[in-house]
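Structure record follows, encoded as structure tokens.
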Amino acid sequence: MDNFSSFNLKRLVFTAEKGELIVPLTLALSFATLTYASEMASLLFHGNCTMCHIEDRRVSAPSIIEVKAHYKSAFSKKEDFIKYMSQFVLHPKAKLSIMHSAIEKHGLMPELGYNMETLEEITEYIYETDFTKVPNPEVPEKLKH
């Protein structure tokens, strides 16, 4: 380790022992954890959900923009949105759906086998993301028109 790195590491350890860096370090770690969780939810969403729920196109299922709009109109509170959508996706049932016309057109979505925690992370990502501004790079341009 060079002197600069060694000095910074020693200063960091010394400062942390005095308690001066505990809060900023905790905040930095929390931010890193939140960023990782958001990136993981994005990967899970784009790697799985967009197989049927393309952001801006209704193909084999309603677009995620449609789904999000229906859920936001039914559940204005973020916590309710996340809870209800996660529970529905965990064990889809027609009687629990808020999108009956989509079921009539496309059928009921299959049970996917994700646990509740994972579904809550994905649905929080859906709630927080403006899909009108973040196009899926994997959707070919010819499908978007």
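Between GLU79 and MET116, residue separation times 0.36 nm minus the direct Cα-Cα distance comes to 11.9 nm.
Suppose the chain between SER60 and LYS105 were pulled fully straight at 0.36 nm per residue; how much longer would it get relative to their current alpha carbon spacing? Intermediate results must be reported in sequence, preceding the final value.
Working: separation 45, 0.36 × 45 = 16.20 nm, distance 0.91 nm.
So the extension gain works out to 15.3 nm.
Exceeding 21 Å between C-alpha atoms, which entries from my cross-link table qualify? They are LYS93/LYS133; LYS72/LYS93; LYS83/LYS105. Walk me through the numbers on the way to the answer.
Details: LYS93/LYS133 31 Å; LYS72/LYS93 19 Å; LYS83/LYS105 25 Å.
The answer is LYS93/LYS133; LYS83/LYS105.
Converting phi to 3J(HN,Hα) with the Karplus coefficients 6.51, -1.76 and 1.60 and the offset θ = phi - 60°, segment 57-70 yields 9, 8, 10, 9, 6, x, 4, 5, 5, 5, 4, 4, 4, 4 Hz in sequence order, with x at every glycine or proline. Across segment 75-80, rounded Karplus estimates of 3J(HN,Hα) from the backbone phi angles (6.51 cos²θ - 1.76 cosθ + 1.60, θ = phi - 60°) give 10, 6, 7, 3, 4, 5 Hz, Gly and Pro being marked x. Listed values for segment 81-86 are Karplus-derived 3J(HN,Hα) couplings in whole Hz (6.51 cos²θ - 1.76 cosθ + 1.60, θ = phi - 60°), namely 4, 4, 4, 5, 4, 4, and x replaces Gly and Pro.
Read-outs: derived from the displayed coordinates by stated rules, not from any lab. What you see is a predicted model, and the numbers here were worked out from it, not measured in a lab.
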